[in-house]
Amino acid sequence: QVQLVESGGGLVQPGGSLRLSCAASGSRFSFNSMGWYRQAPGKQRELVAAVTGGGSTNYAGFVKGRFTISRDNTKNTVYLQMNSLKPEDTAVYYCNMRVGFNDYWGRGTQVTVSS
C-alpha cells in the first residue's frame, strides 16, 4: 500500500524559504511520477510542480523561477524547495504519486506566508 508523508511546512515571512519533503513507501518509487499540489481555502487543488521517474520536471507558471522540485530515489523522497514566498502561496501542500492510472495522496502540510 502506498503511503506518502509530507513534512517541512510552517509559518514564514514574505520573501522567505521553506523546503517540503515527502517520504514515500509501498511502491517502486523510482519508476513513478511525483508531484506537489496545493489547495488554498475556498479554491480547488492545483498542480505546483511534478517530476517524472526519469527526472523531467514541470512547473505551474505561478512558481517558475521560485520553486524547485527534486527527488532522491535512494531515499524514496521528493522535495519542493520554495524561495521568495508570497502571501498567495499560503495553502495546504499535498504530495502526489502517480502509479499507472492511480493517484495517491499524502495528508498535506500547511504553508503559511505572513508577516
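The values are calculated or read from the model by the stated rules, or taken from the named source; none is laboratory data. No experiment lies behind these values; they were computed from the predicted model shown. Every residue, glycine as well, gets a Cβ built from its backbone with ideal geometry; the counts of neighbours run over all protein chains shown. Protein only, heavy atoms only, side chains kept; ligands, DNA and RNA dropped before computing areas. Shrake-Rupley method; radii C 1.70, N 1.55, O 1.52, S 1.80 Å.
Of note:
- Those lysines that a straight Cα-Cα span of less than 28 Å connects to residue 75, excepting residues fewer than 8 apart in one chain: 64
- Listed by chain and number, the aspartates and glutamates placed with their C-alpha closer than 18 angstrom to that of residue 86 are 46; residues fewer than eight positions away on the same chain are left out.
- The distance between label points at residue 68 and residue 28 comes to 3.0 nm (points 7 Å beyond Cα on the Cα→Cβ vector).
- Accessible surface of the chain, 1.4 Å probe, proportion on carbon and sulfur as whole %: 46
- With contacts taken as Cα pairs under 8 Å at a separation of at least 6 residues, the chain carries a relative contact order of 36 percent.
- Taking the Cα centre of the chain as reference, the dipole from Cβ charges on Lys and Arg (+1) and Asp and Glu (-1) amounts to some 80 debye.
- Annotation: per residue accessible area for region 1-104 equals 54 Å², rounded to a whole number [probe 1.4 Å, protein chains only].
- Under the combined filter of DSSP loop state and at most 10 neighbouring Cβ atoms within 10 Å, region 15-115 retains these chymotrypsin sites (Phe, Trp or Tyr not before Pro): 101.
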